[in-house]
Ligand code: NAD
Ligand code: TYD
């Protein structure tokens, strides 16, 4: 049997592939077009693994994707591929709608054609799993209950709008064409291989280079943090036991203000890599103008996946963040290589104008 993963060279996808091969003996095909966020270095230990196959393609490359599906007859497709950074979506939304909406539509059409001609017995087992985000639900006030699967979609950023649109497309292929789709909506992930544009790796990388640590607004926005390994285990649980047509919320029940997260990282770095000038990393914190449309709070109610599929997060933030910081401390070459991509130049030109 075989599964297909799209976007497997990115942060969550590459962690998923490592998690997969730590337990499974099934072929896995990774389809990724390698944007600035995709990095084959993340997967180099698998180069000799005969069960691992890589195709450099966009999910919108219809005829190539069709050929891959017909060649490998996958029992499941897990769609991680996306443009994923909110700040970038504010200043350049087009690529988000190209990949997250139009190319997801293309992938769904090809998958539907493949599914339609499958033998009945294989159809019963097939799943299309779409990896989405809690950001589609919008922003919570401090006194509101965490997002349930039944919350309305109220996306606020172009990124969240593009993910909401892709979720709706996935739902429509399930309702209209009976394609066995499942959507998972997860909270903020952290862990190894995350591109240093997102809060946690950006703070680690800037601190190590003694650059300012930019805190948007007052730093009082709240995110619900989940270690990427726990997310990957949830996806494997959904792959094996999740029910087609369902959606599952996945979260860490670990709500923290951004400023708290940044201070935890600074304190940990003070212990692990004290500054040569004897100053504290916290001295690098700089409050900057807020992100436009900045969502105040995300929080996930994971009762459904915990009750129905018996998944729960296992990694405590205090352990996970220390492991993550140590991973970045030991991966300076990885950091240098990924930052050498064109996105960094794009960021400097567009983003630092704020
Ligand atoms: P990422 O940006 O690190 O990786 C995305 C990957 O997709 C990259 O390898 C990139 O090359 C690839 N890709 C982009 N466009 C493509 C295209 N058109 N065709 C093929 N490949 C393409 O993202 P991530 O953080 O790993 O997120 C993966 C998925 O999980 C996304 O769908 C994201 O919306 C979702 N998600 C992320 C988080 C988080 O905290 N990072 C939380 C919840 C959900
Ligand atoms: P981010 O990692 O971009 O994830 P998301 O916007 O998808 O939640 O940001 C996490 C939080 O950290 C968010 O509230 C924005 C904030 N943030 C900063 O304060 N400074 C930064 O430099 C970045 C990248 C994010």
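The values are calculated or read from the model by the stated rules, or taken from the named source; none is laboratory data. For clarity, every value in this text was computed on a predicted model and none was experimentally measured. Cβ atoms come from the backbone with ideal geometry, glycine included; neighbour counts cover every protein chain shown.
Okay, here's what the table says:
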quantity: Test: residue 312 is part of a helix (DSSP H, G or I) and closer than 30 Å to residue 154 by Cβ; calculated: no
quantity: Residue check, residue 102 closer than 28 Å to residue 17 by Cα and more than 11 Å from ligand 1 (Cβ to nearest atom); calculated: no
quantity: Residue match in region 77-93 (condition: more than 28 Å from residue 202 (Cα to Cα) and either away from ligand 2 (no atom under 16 Å from the Cβ) or modelled with pLDDT under 95 (or both)); calculated: yes
quantity: Helices (runs of 4 or more DSSP H) wholly inside region 1-98 that include at least 2 residues being near ligand 1 (Cβ under 7 Å from one of its atoms); calculated: 11-23
quantity: Leading residue by the ranking (surrounded by the fewest Cβ atoms within 10 Å (Cβ to Cβ)) among those in region 229-256 that are over 20 Å from the mean Cα position of the chain (by Cα) and not in a helix (DSSP H, G or I); calculated: 243
quantity: Test: residue in region 174-197 that is over 30 Å from residue 242 (Cβ atoms), surrounded by 19 or more Cβ atoms within 10 Å (Cβ to Cβ), at pLDDT 95 or above and away from ligand 2 (no atom under 11 Å from the Cβ); calculated: no
quantity: Matching residues, region 147-191, being within 24 Å of residue 110 (Cα to Cα), in a loop (DSSP other than H, G, I, E, B) and in contact (Cβ under 8 Å) with a residue 24 or more places away in the chain; calculated: 179, 180
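Each row is one residue, and each column tells you yes or no for (1) within 12 Å of ligand 1 (Cβ to nearest atom); (2) within 20 Å of residue 327 (Cβ to Cβ).
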position	(1), (2)
198	yes, yes
204	no, yes
208	no, yes
216	no, no
229	no, yes
